[in-house]
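S.K.: Let me give you the structure first, and then I'll get to my questions.
The values are calculated or read from the model by the stated rules, or taken from the named source; none is laboratory data. Computed from a prediction, not measured in an experiment: that's the story for all the values here. Backbone-built Cβ (ideal geometry, glycine too); neighbour counts: all protein chains shown.
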Amino acid sequence: MTNINKLLLIGLLFPLSAWGQDNKSETAGSRDKYSKYIKQLEGGDLNIDYTDFRNSFLDSEQFGRKRTNYYTLKQKVRSEINNSNYQEVIKLTKDLLDLDYTSMSAHSYLHHAYGMIGDTANQKKHQNIELGLIYSIIKSGDGKTCETGWHVTQIEEEYYILNIIGAQLQIQSISNSGKNACDKMIVKTSEGKTETYYFEANKVFEMEKKLFEQ
């Protein structure tokens, strides 16, 4: 069984209702969908459209505030994980979510830390949010061509998916097909095979262009 198929089997382990891919949220058409999605998730309702949630972050005021602080915080979180200081991990990771609630890494850190301290409710909550975000990417295509590439909104998402499937990046380049601009990733799998995956990164390139023009 390939690593991609293993990832798709997530769908057998968790109910689709927890991912809410068919949910027509009341946030649709609102001025700040991102903040309303967060309020919904924090309230325990995980039945949202996670693709729209990821896209809404790009249009939010919060997106411009992420910048360097986010990656500095990630380094601190990893250090506290290595020190098994889980209360500090939780504190710092909540600061990460304040910068980007769509971060799969942050939800992964949280569900791990909550699990270590025995808080099963919060562990399950953040694990399911992480899985909802992952599934919204892998269900968007098969990753085999640029036309069917996995839809991503941030470069970080690409590396997170590669890490999940146990792939080590060898060569990265830009590929175009039709309306899609993609990141083409030549990787080595955990089985030692060379594979090529495509991430449809139209949103990524659009945001990079906007930042360059500022």
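S.K.: For region 31-55, which residues satisfy the criterion of being polar (S, T, N, Q) and outside any loop (DSSP other than H, G, I, E, B)? Spell out the reasoning first.
M.R.: First pass over region 31-55, keeping only residues polar (S, T, N, Q): 35, 40, 47, 51, 55.
Scanning region 31-55 gives Ser35, Gln40, Thr51, Asn55.
S.K.: Further, regarding this structure: Filter region 172-214 down to the residues that are farther than 12 Å from Ile155 by Cα and in a loop (DSSP other than H, G, I, E, B) and list them by number.
M.R.: Gly178, Lys179, Thr189, Ser190, Glu191, Gly192, Lys193, Gln214
S.K.: I've got another one for you. Any residue at all in region 82-89 that is among the acidic types (Asp, Glu), surrounded by 15 or more Cβ atoms within 10 Å (Cβ to Cβ) and part of a helix (DSSP H, G or I)?
M.R.: Here is the first cut: in region 82-89, the ones among the acidic types (Asp, Glu) are 88.
Filter again for surrounded by 15 or more Cβ atoms within 10 Å (Cβ to Cβ), leaving 88.
Okay, now just the ones that are also part of a helix (DSSP H, G or I), so 88.
So far as region 82-89 goes, yes, one or more of its residues are among the acidic types (Asp, Glu), surrounded by 15 or more Cβ atoms within 10 Å (Cβ to Cβ) and part of a helix (DSSP H, G or I).
S.K.: Now for a separate question. Step by step: first the residues of region 128-149, then only those that are under 12 Å from the mean Cα position of the chain (by Cα) and under 17 Å from Met185 (Cα atoms), then the one that is surrounded by the fewest Cβ atoms within 10 Å (Cβ to Cβ). Which residue is that?
M.R.: Among those that are under 12 Å from the mean Cα position of the chain (by Cα) and under 17 Å from Met185 (Cα atoms), it is Ile138.
S.K.: Looking at region 99-127, which of the residues that are outside any loop (DSSP other than H, G, I, E, B) and in contact (Cβ under 8 Å) with a residue 40 or more places away in the chain is nearest to Tyr86 (Cα to Cα)? Lay out the reasoning, then the answer.
M.R.: Of all residues in region 99-127, those outside any loop (DSSP other than H, G, I, E, B) come to 99, 104-116, 120-127.
Restricting the remaining residues to those that are in contact (Cβ under 8 Å) with a residue 40 or more places away in the chain gives 104-105, 125.
Values: Met104: 18, Ser105: 15, Lys125: 17 Å.
Once the filter is applied, the top-ranked residue is Ser105.
S.K.: In this structure, does Leu133 turn out to be assigned by TED's automatic domain parsing to the domain that holds Lys74 and within 30 Å of Glu42 (Cα to Cα)?
M.R.: Details: assigned by TED's automatic domain parsing to the domain that holds Lys74: yes; within 30 Å of Glu42 (Cα to Cα): yes.
Yes: the conditions hold for Leu133.
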